[in-house]
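Here's the structure, in structure tokens; my notes come after.
None of the figures in this text is laboratory data; all of them are computed from the coordinates on show. Quantities reported herein were computed from a predicted structural model and do not represent experimental measurements. Counting neighbours? That spans all protein chains shown, and the Cβs are built from the backbone with ideal geometry, glycine included.
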Amino acid sequence: MSSFLTKLNRVLCSRNIVISSIKKDDLCLVRSKSFSTGTGSNTGKGKGPVTWKSVGITACIGGGLLMYMQYLKAAKEQKILRERQRALGKASIGGHFELTDHNKKKRKSDEFLGQWILIYFGFTHCPDVCPDELEKIVQVVNKLDQDSSVPKIQPIFITVDPVRDTPEVVGQYIKEFSPKLIGLTGNVEEVEKVCRAYRVYFSAGPRDRDDDYIVDHTIITYLVNPDGQFVDYYGQTKKVDEICDSILINIAKYGQLQSSWF
Amino acid sequence: MSFPNKGDRDKCWTARDRYWECLDLNLEERERCLKQRQVYESSCPAQWVKHFDRKRTYLKFKDRIEKEGYEPLSEEKS
């Protein structure tokens with residue numbers, strides 16, 4: 001009985017050896033295979049399947065993919081922005097005009113392309129609203145001018161009283177507010193045209209004994225972007241800080257749409 | 001005709017504010033503010049006086065509506 005057991009044990013042991021030797025051989029085979037995939041001349045001493053080269057290639061491909069994804073994301077965001085603008089529709093406010101400035105120089109609206117402009121419509125004989133609004137616009141422009149990273153905003157005053165407000169009169173008037181202001185006037189037809197473009201209502205009231213009259217008009221300040229497009233408007237109730245914030249947002253939005261990749 | 005310049009405007013606005021202050025103190029009794037009214041009228045163009053008078057009426061009306069409320073139209077109907 002005991003001899004049988006020792007025999008069995010011997011057989012099992014020998015089998016064990018055989019299995020382990022196969023395993024060892026297989027391992028050797030695998031290892032040599034992995035080496036053979038390495039550079040031919042390199043014996044692969046101390047190197048695993050991950051080489052600096054493969055790391056570099058992976059990083060390049062990965063980085064490239066990441067950049068591409070970023071690009072796609074940015075492009076999609078821009079598309080959404082454009083789409084939103086398209087969907088909301090552009091207000092058909094603003095447009096081409098030809099007027100005379102306070103130095104009697106002819107000025108076309110195209111001359112203002114490339115800069116942000118704030119337009120206010122009013123008249124020099126205005127009792128209270130126009131001076132207040134002009135004062136406000138000047139404050140807005142001065143505040144934004146303090147930040148050199150913000151593009152220059154050109155404030156413009158357009159008269160709705162072309163009969164009395166000649167270039168000289170407009171010049172005297174705007175000087176009281178800021179040297180930065182540009183005053184524009186023209187003949188009745190030209191002023192009517194720009195007012196129609198900006199949807200500004202104006203109507204001269206009855207004349208009194210002194211031939212004086214008050215012009216009733218829309219009290220709105222318009223923000224126009226460097227492409228000459230109307231982007232926002234500010235009514236009488238808007239405060240200086242609110243207007244400044246809105247202008248900054250509009251400038252940022254415009255920059256976002258302008259910036260293109262590569 | 002030249003427009004009222006900054007000095008003229010300030011003078012007019014000050015006179016107007018004095019007159020309005022007087023009206024506030026005297027519960028809108030114009031007779032008690034004739035002096036201020038005279039200064040106001042001589043400091044402002046006639047058109048401006050007309051404009052500010054209308055504005056005062058409007059502001060008073062607005063004030064009353066805001067403070068005392070108004071009777072809704074729907075109640076009248078029903």
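If you restrict to DSSP beta bridges whose two residues both lie in segment A:65-163, what percentage is antiparallel, to the nearest 5?
Details: 3 of 10 bridges.
Of all bridge pairs located within segment A:65-163, approximately 30 percent are antiparallel.
By how many nm would the segment from A:Arg196 to A:Ser178 grow when fully extended, if each residue of separation counts as 0.36 nm and the alpha-carbon distance is taken off? Provide the component values of the computation, followed by the final result.
Details: separation 18, 0.36 × 18 = 6.48 nm, distance 2.68 nm.
Full extension from A:Arg196 to A:Ser178 adds 3.8 nm.
Residue-wise, which Karplus ³J(HN,Hα) couplings in Hz belong to segment A:192-200, taking 6.51 cos²θ - 1.76 cosθ + 1.60, θ = phi - 60°, and x for glycine or proline?
Couplings: 4, 5, 5, 5, 4, 4, 9, 6, 9 Hz.
Among the listed pairs A:Lys143/A:Lys193; A:Lys90/A:Lys238; A:Lys90/A:Lys136; A:Lys90/A:Lys253; A:Lys104/A:Lys193; A:Lys76/A:Lys253, which have their C-alpha atoms separated by more than 25 angstrom in this model?
On the way: A:Lys143/A:Lys193 32 Å; A:Lys90/A:Lys238 22 Å; A:Lys90/A:Lys136 27 Å; A:Lys90/A:Lys253 15 Å; A:Lys104/A:Lys193 19 Å; A:Lys76/A:Lys253 15 Å.
Correct reply: A:Lys143/A:Lys193; A:Lys90/A:Lys136.
Considering only DSSP beta bridges with both partners in segment A:98-259, what is the antiparallel share in %, to the nearest 5? Don't skip to the end; give the middle numbers.
Values: 16 of 26 bridges.
Roughly 60 percent of the beta bridges in segment A:98-259 run antiparallel, per DSSP.
For A:Gln154, enumerate residues with amide H under 5 Å from its amide H, sequence gap 5+ or separate chain, H modeled in the peptide plane.
A:Trp116, A:Ile117, A:Leu118
Take the Cβ-Cβ distance between B:Val39 and A:Asn187 as r, set R0 to 30 Å, and report the resulting FRET efficiency rounded to the nearest 0.05. Present the calculation step by step, with values, prior to reporting the outcome.
On the way: r = 39 Å, r/R0 = 1.31.
Computed FRET efficiency for B:Val39 and A:Asn187 comes out at 0.15.
Can you compute the modelled spin-label distance between A:Asp210 and A:Leu113, with each label point 7 Å from Cα toward Cβ, in nm?
4.5
What whole-number distance in Å separates the alpha-carbon centres of segment A:190-262 and segment A:87-160?
7
Within 10 Å of each Cβ of A:207-214, how many other protein chain Cβ atoms are there on average? Numbers along the way, then the final one.
Numbers: counts 1, 4, 1, 4, 1, 6, 1, 5.
So the per-residue partner count for this stretch is 3.
Using the beta-carbon distance between A:Asp241 and B:Thr14 and R0 = 30 Å, what value does 1/(1 + (r/R0)^6) give for FRET efficiency, to the nearest 0.05? Mind showing how you got there, number by number?
Values: r = 27 Å, r/R0 = 0.91.
Between A:Asp241 and B:Thr14 the formula returns 0.65.
Simple spin-label model, 7 Å along Cα-to-Cβ: A:Ser149 to A:Glu135 in nm?
Distance between label points: 3.2 nm.
State, to one decimal in nm, how far the label point of B:Glu31 lies from the label point of B:Ser2, with both points 7 Å from Cα in the Cβ direction.
Taking the simple label geometry, B:Glu31 and B:Ser2 are separated by 4.2 nm.
Using per-residue counts of other Cβ atoms within 10 Å, averaged over each peptide, order A:121-127, A:188-194 from highest down. Can you show the working numbers first?
On the way: A:121-127: 24.4, A:188-194: 16.3.
Taking the mean over residues of other Cβ atoms within 10 Å, the ranking is A:121-127, A:188-194.
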